[in-house]
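**Student:** Before we start, here is the structure in question, set down as structure tokens.
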Amino acid sequence: MIWEAISKLGLFPAFLWPPFIVPVEPGGVTIMKTFVNGLMSGQLINATLVSLQSLLLGFVISVVVGLVLGFLIYSSKWIEDTLGFVVTALQSVPNIVWLPLAILWFGLGFSSVLFIVVLGAALSITITSSSGFKSVPPIQIRAARTMGASGFQLFRTIIFPSSVPHIISGLRLAWALAWRAVLAGELLGGGGGLGTLLDMGRSIQAMDLVFSIMIIIGIIGTLIDHVVFLQLEKAVLKRWGLQSNTA
């Protein structure tokens with residue numbers, strides 16, 4: 001109601017603040033009309049699929065790289081003092097700062113966007129997974145070694161299961177960072193996804209298209225967080241007795 005009132009009062013130019021549902025004049029532009037038309041024409045769906053492709057591939061690579069680096073940092077004091085320091089330093093650098101280098105190295109398009117996603121998400125997973133591995137009670141490791149566990153068996157049966165709650169929280173955070181990195185990379189580096197479409201809407205001053213894309217971005221981010229990661233986190237916490245079944 002507030003949005004519609006602002007658009008009807010003319011506090012902003014119509015192209016900057018388009019009406020959400022009710023057009024200013026019959027047959028005029030609205031955000032929901034553009035949203036529905038974009039879905040029916042396939043424009044928004046195709047752009048969403050392109051963004052999700054970059055997101056999923058980049059996130060899978062980030063999980064593998066992040067877990068490996070996290071375990072290396074956990075397993076060696078020397079690696080922690082060297083690689084761990086570098087990872088922490090790189091983590092403080094916003095993903096978008098790397099985009100000019102990514103464009104120079106990989107060119108405009110999918111590869112540069114993928115690089116930005118992997119860099120941001122993998123660093124986050126590295127830090128959280130190494131912290132999770134370090135949080136395993138030493139008494140559990142000593143007890144397992146006393147019973148003959150060592151090497152990969154020790155990692156599989158004791159270290160990894162005990163650190164899963166920390167890793168799940170890290171994955172949830174890394175997913176959010178990856179989603180933002182995809183959109184930022186596409187916005188400036190191309191790629192044909194939602195970010196590219198968002199930049200096109202800005203360039204032609206089609207704010208109804210911009211707000212329609214923002215709706216999709218919010219829906220996807222919320223669904224993935226609540227349907228996938230939040231439920232997974234709750235299941236893990238219940239499995240480890242950190243949350244009651246009635247919570």
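The values are calculated or read from the model by the stated rules, or taken from the named source; none is laboratory data. As the structure is a computational prediction, the values presented were derived from the model and not from experiment. With ideal geometry, Cβ positions are generated from the backbone for all residues, glycine too; neighbour counts draw on all protein chains shown. The accessibility values were calculated without ligands, DNA or RNA, using every heavy atom of the protein model including side chains. Shrake-Rupley method; radii C 1.70, N 1.55, O 1.52, S 1.80 Å.
**Student:** From the set of residues in the stretch 107-132 that are part of a helix (DSSP H, G or I) and modelled with pLDDT under 85, which is farthest from SER62 (Cα to Cα)? I'd like the intermediate steps shown before the answer.
**Tutor:** First, the residues of the stretch 107-132 that are part of a helix (DSSP H, G or I): 110-132.
When the remaining residues are screened for being modelled with pLDDT under 85, the result is 110, 120.
Numbers: PHE110: 16, GLY120: 8 Å.
My answer is PHE110.
**Student:** Quick check on the stretch 94-112: of everything there that is over 16 Å from the mean Cα position of the chain (by Cα) and without any contact (Cβ under 8 Å) to a residue 12 or more places away in the chain, which residue is nearest to LEU177 (Cα to Cα)?
**Tutor:** VAL97
**Student:** Same structure, new question: For the stretch 47-100, what are the residues that are of a type in the set (Asp, Glu) and crowded, with 16+ Cβ neighbours inside 10 Å? It would help to see each step written out before you state the result.
**Tutor:** Initial filter on the stretch 47-100 (of a type in the set (Asp, Glu)): 80-81.
GLU80 - this is the single residue of the stretch 47-100 that is of a type in the set (Asp, Glu) and crowded, with 16+ Cβ neighbours inside 10 Å.
**Student:** Determine whether the stretch 147-163 contains at least one residue that is open to solvent by 40 Å² or more (accessible area, probe 1.4 Å), closer than 19 Å to ASN46 by Cβ, charged (D, E, K, R) and free of Cβ contacts under 8 Å to residues at least 24 places away in the same chain. Don't jump to the end; show me each part of the working.
**Tutor:** As a first pass, look at the stretch 147-163 and keep what is open to solvent by 40 Å² or more (accessible area, probe 1.4 Å): 147-148, 150-153, 155-157, 160.
Those left that are additionally closer than 19 Å to ASN46 by Cβ: none.
Checked the stretch 147-163: no residue is open to solvent by 40 Å² or more (accessible area, probe 1.4 Å), closer than 19 Å to ASN46 by Cβ, charged (D, E, K, R) and free of Cβ contacts under 8 Å to residues at least 24 places away in the same chain.
**Student:** Being at pLDDT 85 or above, in contact with a helix residue (DSSP H, G or I) (Cβ under 9 Å, 6 or more places away or on another chain) and open to solvent by less than 80 Å² (accessible area, probe 1.4 Å): is that true of ILE141 here? Break it down stepwise before answering.
**Tutor:** Details: at pLDDT 85 or above: no; in contact with a helix residue (DSSP H, G or I) (Cβ under 9 Å, 6 or more places away or on another chain): yes; open to solvent by less than 80 Å² (accessible area, probe 1.4 Å): yes.
No.
**Student:** While we're here: Quick one: count up the residues across the stretch 141-157 that are closer than 18 Å to LEU72 by Cβ and aliphatic (A, V, I, L, M).
**Tutor:** Residues in the stretch 141-157 being closer than 18 Å to LEU72 by Cβ and aliphatic (A, V, I, L, M): 2 in total.
**Student:** Which members of the stretch 123-167 meet the condition of being basic (Lys, Arg) and more than 30 Å from TRP98 (Cβ to Cβ)? Don't jump to the end; show me each part of the working.
**Tutor:** First, the residues of the stretch 123-167 that are basic (Lys, Arg): 134, 142, 145, 156.
ARG142, ARG145, ARG156, listed by residue number.
**Student:** Still on this structure: Among the helices (runs of 4 or more DSSP H) lying completely within the stretch 1-82, list those that include at least 2 residues that are among the polar types (S, T, N, Q). Spell out the reasoning first.
**Tutor:** Details: elements: 2-9, 31-41, 43-75.
Result: 31-41, 43-75.
**Student:** Kindly list, by first and then second residue, each pair from a residue in the stretch 65-84 that is in contact (Cβ under 8 Å) with a residue 24 or more places away in the chain and among the charged types (D, E, K, R) to a residue that is open to solvent by 50 Å² or more (accessible area, probe 1.4 Å) and in a helix (DSSP H, G or I), limited to pairs with Cβ atoms under 9 Å and residues at least 6 apart or on different chains.
**Tutor:** Matching pairs, first to second residue: GLU80/LEU72; GLU80/TYR74.
**Student:** Hey, another quick one. Considering only helices (runs of 4 or more DSSP H) fully contained in the stretch 146-247, which possess at least 1 residues that are at pLDDT 85 or above and of a type in the set (A, V, I, L, M, F, W, C)? Give the derivation first.
**Tutor:** Values: elements: 151-154, 160-189, 194-203, 207-223, 231-239.
It comes to 160-189, 194-203, 207-223.
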